[in-house]
Amino acid sequence: MPKQLERYAPALFVFLWSTGFVGAKYIVPYAEPFTFLTIRYFFAALILFLIAAAFKQPLKLNKEQFKASFAVGMLLHVIYIGGVFYAVSLGVSAGISAVIVSIQPVLVSLLAVPLLGERLRWVQVVGLFLGVIGIALLLLPKVFQGDYTATTSLTGIFICVIALLGTSGGYLVQKKLGGEIPFLSGTGAQYAISAIAFAILSFATEDQIIQWVPQFFFGLTWIVLMLSIASIVLLYGMLRTGSASKVSSLYYLVPPTAAIQAYFLFDEVIAPVGIIGMALAGLGVVLVMRQSTKTQ
């Protein structure tokens, strides 16, 4: 990753990744989750393969590279992204699903110690703890409306936990093996594998009904280009140059950033406790990233 881009990559990644909440708000009414994700990952894979061909990059992966790409695709895209979309479709609120998945930085940091040999200082532990508290305060069910009650699907909650394990495992595999995989062909393979998996899920569980309206095309275009392409370029680039703990801690900033966007775009009110949560999450990331930088 170029030095100039590396400097601004964390902030740019948080902004782009957080727009997924905005994109979902436009997409969900017009397509079922697995059907939409099939289309999303098909076009994302196609774009990456076309770029690789245009720059005459090798499209073929060796056996080990394909295994790693398959693992990351299934963990980070099918289990994580698919799990969250499906859980929301079962009635789990976006707040509850975000709270569960936001535990990912803690899980990744703890697993990175024995699996990747990373060091975890007490300051980082404090930062991770503050991040969890901050996200919980920000994203308690319907916190923006001041309603702290929630009824939800236990099956959906279980799927959110599976999604949490998927994103954590995907980060660790990508951090450990991603440097040996050609980015364009490797990520394209991840997306192609994900598209096939989502297509199978779509045909097995859904009716493949899509409303081809401008909002759908706009949301699809943004999510494919900004999330599946641009944000993943930044994510994988940061994982190559930084620790898994440091990069994953950025996820604490995604929900607060999305909340700010929702405030300006959809007039969603942020309760005072939510503002406190945003501040704690930001402080947690500062502690984790500063300490990570010192120990590298």
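Of all residues in the stretch 8-34, how many are surrounded by fewer than 21 Cβ atoms within 10 Å (Cβ to Cβ) and under 18 Å from A204 (Cα atoms)?
1
For the subset of the stretch 168-222 comprising residues that are of a type in the set (S, T, N, Q) and surrounded by 20 or more Cβ atoms within 10 Å (Cβ to Cβ), which member is nearest to M238 (Cα to Cα)? Steps first, answer last, please.
At the first step, the residues of the stretch 168-222 found to be of a type in the set (S, T, N, Q) are 168, 174, 185, 187, 190, 194, 202, 205, 208, 211, 215, 221.
Filter again for surrounded by 20 or more Cβ atoms within 10 Å (Cβ to Cβ), leaving 168, 174, 185, 187, 190, 194, 202.
Details: S168: 16, Q174: 11, S185: 18, T187: 15, Q190: 18, S194: 22, S202: 32 Å.
Filtering first and then ranking leaves Q174.
Residue by residue through the stretch 202-239, note down the ones that are within 22 Å of T167 (Cα to Cα) and either part of a loop (DSSP other than H, G, I, E, B) or modelled with pLDDT of 95 or more (or both).
Selection gives S202 alone.
Please work out if A44 is surrounded by fewer than 23 Cβ atoms within 10 Å (Cβ to Cβ) and in a helix (DSSP H, G or I).
Here the answer is no, as A44 does not meet what is asked.
Out of G83, G73, report the one residue that is closer than 24 Å to F158 by Cβ, at pLDDT below 90 and crowded, with 17+ Cβ neighbours inside 10 Å. So that I can check it myself, show each step before the final result.
Numbers: G73 fails: at pLDDT below 90.
On inspection, the qualifying residue turns out to be G83.
Is it fair to say G23 is of a type in the set (G, A, S), out of contact with any Leu (no Cβ under 6 Å at 6 or more places or on another chain), modelled with pLDDT under 90 and not in a helix (DSSP H, G or I)?
Working: of a type in the set (G, A, S): yes; out of contact with any Leu (no Cβ under 6 Å at 6 or more places or on another chain): yes; modelled with pLDDT under 90: yes; not in a helix (DSSP H, G or I): no.
Spelling it out, it is not the case that G23 is of a type in the set (G, A, S), out of contact with any Leu (no Cβ under 6 Å at 6 or more places or on another chain), modelled with pLDDT under 90 and not in a helix (DSSP H, G or I).
The values are calculated or read from the model by the stated rules, or taken from the named source; none is laboratory data. These numbers come from a predicted model, not from an experiment. Don't worry about glycine lacking a Cβ; one is built from the backbone with ideal geometry, like all the others, and counts go over all protein chains shown.
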